[in-house]
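Participant: Have a look at this one.
The values are calculated or read from the model by the stated rules, or taken from the named source; none is laboratory data. Just so you know, these numbers come straight off a predicted model, no measurement behind them. Glycine also receives a Cβ, built like all others from the backbone with ideal geometry; neighbour counts cover every protein chain displayed. For the accessible areas, the whole protein counts, side chains as well, though only heavy atoms, and no ligand, DNA or RNA atoms are used. Shrake-Rupley method; radii C 1.70, N 1.55, O 1.52, S 1.80 Å.
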Amino acid sequence: MAQFDYDIGIIGGGAAGLTVASGASQLGAKTLLIEREPALGGDCLHYGCVPSKTLIKSANVYHSMKNARAYGLPALDLPPVDFRQVANRIRAVVATIQKHDSVERFCGLGAQVAFGEARFKDEHVVDLDGRLLSAKTWVIATGSSPIVPPIEGLREVAHLTNREIFYMDTMPESLTILGGGPIGIEMAQAFNRLGCRVTVIDMSHQILGKEDKDMADEVMRVLESEGVTFQLNTTVVRVREEGAKKVVVVKPSEGSEQDLYSEAILVAIGRSANVNGLGLEAIGGDFNRGGVTVDNRLRTSQKHIFAAGDINGGYQFTHAAGYEGGVVIANAVFRLPRKTDYTYLPWCTFTDPELASIGMNEKTAQAQGIDYSVWTEAFKDNDRSLAEGEHTGRIKMLLDAKEKPIGVQILGPHAGDLMSEWVAVLNGKTKLSTLASAVHPYPTLGEINKRVSGSYLAPKIFSERVKKGLKLFFNLKGRACGHPQDKCLQDCNMEGAP
Ligand SMILES: Cc1cc2nc3c(=O)[nH]c(=O)nc-3n(C[C@H](O)[C@H](O)[C@H](O)COP(=O)(O)OP(=O)(O)OC[C@H]3O[C@@H](n4cnc5c(N)ncnc54)[C@H](O)[C@@H]3O)c2cc1C
């Protein structure tokens, strides 16, 4: 039997790779984890989720301070933001979380961490900067990078991506964002709130293209009301520099070319899988810029080589990468034929208000020809939301023809956290009646989950049929008041009632 240096080798120390390394080493597999950056953690920790959510928090605090009067507080005359301080806070949060992803911690779990650029020599051997290391099983978890599209002039003009934007010394006075996806939109609101003039360009007719248009449009309206400019149905023709200004030449689908001037450009047009330099040709891998092709057990064309996380071109989220890491452990270490299932994979765009989603939305239901009904509740009818000064947004619940929930979208305060209840309901196949009758604390935003399930059940409970039955059995006498405008018993004035 062939002898290998390791039972399992993992290339990439981000969310997917760390999950596999942690699980495999704790289960007793001799584990090697290779990372090319000087620290573990991947994009999420260093250039993605953590810095972006930290930046968003700073932006939201500054926004609240600017809007103090809306909360009955004195108006503040605020100095402009010193972005170096914001970037320092981002560095501090990243450094704190970095401790969870330290070499020492992984060594403590039993995994060997090695730094360097890994490249396959053959289907069991990897070249790590001249050292040959073999493993029985390999996991490719090399993540993705921002796409810089072949727009004339873009490569020659200095621009920002998610790798630079969180660590700038100064904030540009104006920013043109190419791309109206989650990254572009989160950054648009955050930078606008911090005092930067922001324009977003997207070739589509809506922002956040995966979401239902009505929900995405509502996010756009909020951002517009705060001062963000949108140019939709618009393509970027070329980019050039004029002195200190960057000029983005755009062409709306109807209209002529326009020059948009700003101090900086953020490219947030999409992500390409980190396949270059991995030597995938040496293992006969099936891959392209979109990712490495895998089956539903995350195996590549070589059954002992897995690909998890952004690299496989599926859902590009940290929690998806973590989930896939678990599927790899089941298949590679436990040797159980566990398949991926993304039916109830939730996600959230962290704008204010947040937009979270699980299961099907109207777009995906229509694309699959599924018969559905929509049930909604608005946050303006939620007491806690009003107390918080949040009036925008709603929950949308989709039921199939058998009245089973197939998806939920929430646009509102803390939508991502509110989604957790639906994660449990949908995965646990909990009945809507259980959710509707479960007592929720008052006043909480979470009551909206209970209410939307109740709104579906209410017409059934308060139906004419039920009323007739109750009247028949218990001799109920029916309405005590004919109409809200009718006089009340003591001739009281409803308008003047406390
Ligand atoms: C701005 C931004 C905000 C985001 N916000 C969120 C969010 O709020 N929620 C969410 O769920 N997701 C978010 N994401 C997405 C999330 O960051 C990714 O889905 C996640 O990081 C993917 O994990 P991964 O393990 O596949 O890849 P990564 O975390 O990128 O890890 C891959 C690692 O492989 C290493 N590597 C690559 N090639 C080699 C090689 N040849 N040899 C050795 N090492 C190599 C890389 O250096 C990297 O450390 C965001 C992304 C961005 C850019």
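Participant: What is the local net charge at Ile406, summed over the other residues whose Cβ is closer than 15 Å to its Cβ (Lys, Arg +1; Asp, Glu -1)? Please list the in-between numbers first.
Facilitator: Details: positive: Lys363, Lys396, Lys402, Lys404, Lys429, Lys431; negative: Asp212, Asp341, Glu362, Asp371, Asp400, Glu403.
Neighbourhood net charge equals 0.
Participant: Same structure again: Decide, for the range 128-247, between rounded, prolate and oblate: order the square roots of the alpha carbon gyration tensor eigenvalues as a ≥ b ≥ c, take rounded if a/c falls under 1.5, and otherwise choose prolate if a/b is larger than b/c, else oblate.
Facilitator: Since a/c reaches 1.5 and a/b is larger than b/c, the shape of the range 128-247 is classed as prolate.
Participant: Pairs of Cα atoms under 8 Å, at least six residues apart: use those to get the relative contact order of the chain, whole percent.
Facilitator: For the chain, the relative contact order is 13 percent.
Participant: Report in % the part of the accessible area of the chain that belongs to carbon and sulfur, leaving out ligands and nucleic acids; probe 1.4 Å.
Facilitator: 54
Participant: So which lysines pass the test for Lys471, namely a Cα distance under 22 Å, with those fewer than 8 places away in the same chain ruled out?
Facilitator: Partners found: Lys460.
Participant: Further question: How much net charge surrounds Arg394 when only the other residues with a Cβ under 12 Å from the Cβ of Arg394 are counted, with Lys and Arg +1 and Asp and Glu -1?
Facilitator: -3
Participant: Quick one: Cα centre-to-centre distance for the range 344-376 and the range 409-469, in angstrom?
Facilitator: The distance from the Cα centre of the range 344-376 to that of the range 409-469 comes to 16 Å.
Participant: Separate question: Restricting to DSSP H runs of at least four residues, report the calculated mean residue ellipticity at 222 nm for the chain, -39500 (n - 2.57) per run over all residues, nearest 500 deg cm²/dmol.
Facilitator: -9500 deg cm²/dmol
Participant: Next question, about the same structure. In whole Å, how far is the Cα centre of the range 89-148 from that of the range 160-199?
Facilitator: 29
Participant: Assuming R0 = 45 Å, can you tell me the calculated FRET efficiency for the pair Val157 and Ser373, based on Cβ-Cβ distance, to the nearest 0.05?
Facilitator: Numbers: r = 50 Å, r/R0 = 1.10.
My answer for the efficiency is 0.35.
Participant: Under a Cβ-Cβ cut-off of 11 Å, what is the net charge of the residues other than Ile56 that fall near it, where Lys and Arg count +1 and Asp and Glu count -1?
Facilitator: Summing Lys and Arg as +1 and Asp and Glu as -1 gives 0.
Participant: Can you list the lysines whose alpha carbon sits under 16 Å from that of Lys477, skipping same-chain ones fewer than 8 residues off?
Facilitator: Partners found: Lys467, Lys468.
Participant: Here's another thing I want to ask about it. Keeping all protein chains in place, calculate the accessible area per residue for the range 291-391 (probe 1.4 angstrom), answer in Å².
Facilitator: Values: 4510 Å² over 101 residues.
Solvent-accessible surface per residue comes out at 45 Å².
Participant: As an exercise, find the ratio Rg/Rh for the chain from alpha-carbon atoms, using the Kirkwood inverse-distance average for Rh.
Facilitator: That ratio equals 1.04.
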